[in-house]
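Here, each number is a calculation from the coordinates, and none is a lab measurement. Just so you know, these numbers come straight off a predicted model, no measurement behind them. Here the Cβ positions follow ideal geometry from the backbone for every residue, glycine too, while neighbour counts run over all protein chains shown.
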Amino acid sequence: MKFRNVLEELIRFFNQERVEYALIGAFALKAYGIVRATQDVDFIARTNSQQKIFRKIRHIGKIR
């Protein structure tokens, strides 16, 4: 699965499940013009959403 597809699927999931989240880390810094070469995306979310996020990520990993 391509990076963009995974990112779009996670954001769609967060919105459908009403998960409060924020994009953080180097990927978020890009919005401020700071570029760092990383291969991941970091999100922060509330603890009460943790288990459903883990289930979704495991599901995405299985469809790769």
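Across segment 32-61, what is the number of residues that are of a type outside the set (S, T, N, Q) and closer than 21 Å to residue 2 by Cα? Write out each step before concluding.
Kept after step one, since they are of a type outside the set (S, T, N, Q), are these residues of segment 32-61: 32-37, 40-46, 52-61.
Still in the list and also closer than 21 Å to residue 2 by Cα: 35-37, 40-43, 53-61.
Total satisfying the criteria: 16.
So which pairs qualify, if the first residue must be in segment 25-45 and in contact (Cβ under 8 Å) with a residue 12 or more places away in the chain, the second must be acidic (Asp, Glu), the Cβ gap must be under 7 Å, and the two must be at least 6 apart or on different chains?
Going by the 7 Å Cβ cut-off, the qualifying pairs are 25/42; 27/42; 45/20.
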